[in-house]
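Chemist: Starting off with a structure, shown below.
We did not get these values from a lab; they are worked out from the coordinates using the rules stated. This is a predicted model, so every value here is computed, not measured. Ideal geometry is used to build each Cβ from the backbone, glycine not excepted, and the neighbour counts take in all protein chains shown.
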Amino acid sequence: MARPGGRSIVTILLFCLPCATALARTAEKLCEHSPSSLPSRAANAPTGSAFARQLRGLTDDQREDAILRELLQGNVPQFLRRLAPVTLHGASATGKALELTVCVAPDYVAIGSDEDFLSMPMRLQTALVFAQRYGFTLPTSKLVDAIYAQARVHFRPQPLPASGEMRTTRYYQHHDELVQEQRLALAAPLDELVAGNKKDLVLTNRLWTQPTRVAIYGWHRADGKPIQPLSTVHGARYADYSHGIRLVLAKAYLNGQPQSLLALLQSAETAPLVSTEGPIRRAGALVQRLTNPSPRPLTRVSYSSGTPSDSSHDSARP
């Protein structure tokens with residue numbers, strides 16, 4: 001004898017079969033099928049240590065120009081192009097279960113090769129110009145927490161003494177050396193999702209009222225608590241050794257279906273998955289506003305000489 005309501009149960013199961021099939025795709029496969037659009041790294045592109053030498057004697061502005069140039073030309077290690085999944089769960093206002101998979105770079109943006117790279121702090125505008133050019137954006141503070149929670153490797157934060165040297169290339173290099181020593185001690189593969197080594201530049205509604213500031217957050221300790229609460233104390237042109245840029249693919253997967261991450265951030269229904277402050281108002285317009293579509297002209301660099309063509313000197317000390 002048929003069980004009461006049996007036909008309805010079968011109908012629902014058959015109706016949801018495509019959904020179940022889509023949800024059954026692993027998060028890893030979703031990100032594997034969303035390859036980075038970064039151009040290939042040129043054979044004559046400088047390594048991380050060579051690039052650091054090129055930065056000696058440059059002004060802060062010249063250094064930012066050089067960083068952006070290398071990034072736009074694809075001088076990024078191969079391992080950063082293999083995106084890692086971060087999955088978040090929640091429910092809609094109607095109680096529908098939501099699963100969001102976000103694809104992120106396994107580590108912070110670096111310049112150079114897999115064998116010789118330098119993790120590169122940079123200004124907010126530099127980060128956004130690069131990220132947007134190749135289909136990425138920046139995380140929110142909630143996403144930074146999720147990345148730390150789901151990272152397979154947790155580095156111990158290593159703050160350096162606070163001084164004017166914090167913004168120099170020499171400090172950038174020294175801190176990166178400390179991180180790489182940890183990586184070797186942990187035998188952590190390059191393409192493993194890692195966290196704890198830097199603070200993040202993040203998106204937040206605060207930047208609507210403070211558009212000349214940069215928002216930073218993170219640098220988690222072993223207990224999962226960040227050293228740096230969400231802060232907009234620094235100007236948008238500020239960067240120091242502790243800052244990192246985590247590339248987040250601008251396309252995310254909501255219940256297995258591709259969606260614009262910025263659109264999800266704007267939606268009252270889906271924003272709570274990746275934001276602790278509710279929807280990011282007009283997220284796309286906010287990113288465009290912060291990016292500034294008219295960057296200054298870049299100075300030229302000749303790889304054959306290994307040094308910038310502009311030889312002026314100022315505050316970006318090595």
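Chemist: If you wrap a convex hull around the C-alpha atoms of the range 26-294 and split its volume per residue, what is the figure in Å³?
Modeler: 122
Chemist: Okay, moving on. Which log10 I(q)/I(0) values, to two decimals, does the range 76-169 give at q = 0.24 Å⁻¹ under the Debye formula with one point per Cα?
Modeler: -1.46
Chemist: Measuring from centroid to centroid over Cα atoms, what is the spacing of the range 164-236 and the range 126-163 in Å?
Modeler: 6
Chemist: Let me ask you something else. Can you spot the lysines whose alpha carbon is less than 25 Å from K96's alpha carbon? Ignore those fewer than 8 places along the same chain.
Modeler: List returned: K29, K142, K251.
Chemist: If you don't mind, another one. What nm value, rounded to one decimal, do you get for the distance between N44 and L184 when each label is placed 7 Å out toward the C-beta?
Modeler: It works out to 3.2 nm between the two label points.
Chemist: If you count the DSSP beta bridges with both ends in the range 26-294, what percent of them are antiparallel, to the nearest 5?
Modeler: Here the antiparallel bridges make up roughly 85 percent for the range 26-294.
Chemist: Let me ask something else about it. Write out the chymotrypsin sites (Phe, Trp or Tyr not before Pro) in the range 166-269 meeting two conditions: DSSP loop, and at most 10 other Cβ atoms within 10 Å of their Cβ.
Modeler: none
Chemist: Suppose R0 equals 41 Å; then what is the FRET efficiency for A162 and S92 from their Cβ-Cβ distance, rounded to the nearest 0.05?
Modeler: That gives a FRET efficiency of 0.35.
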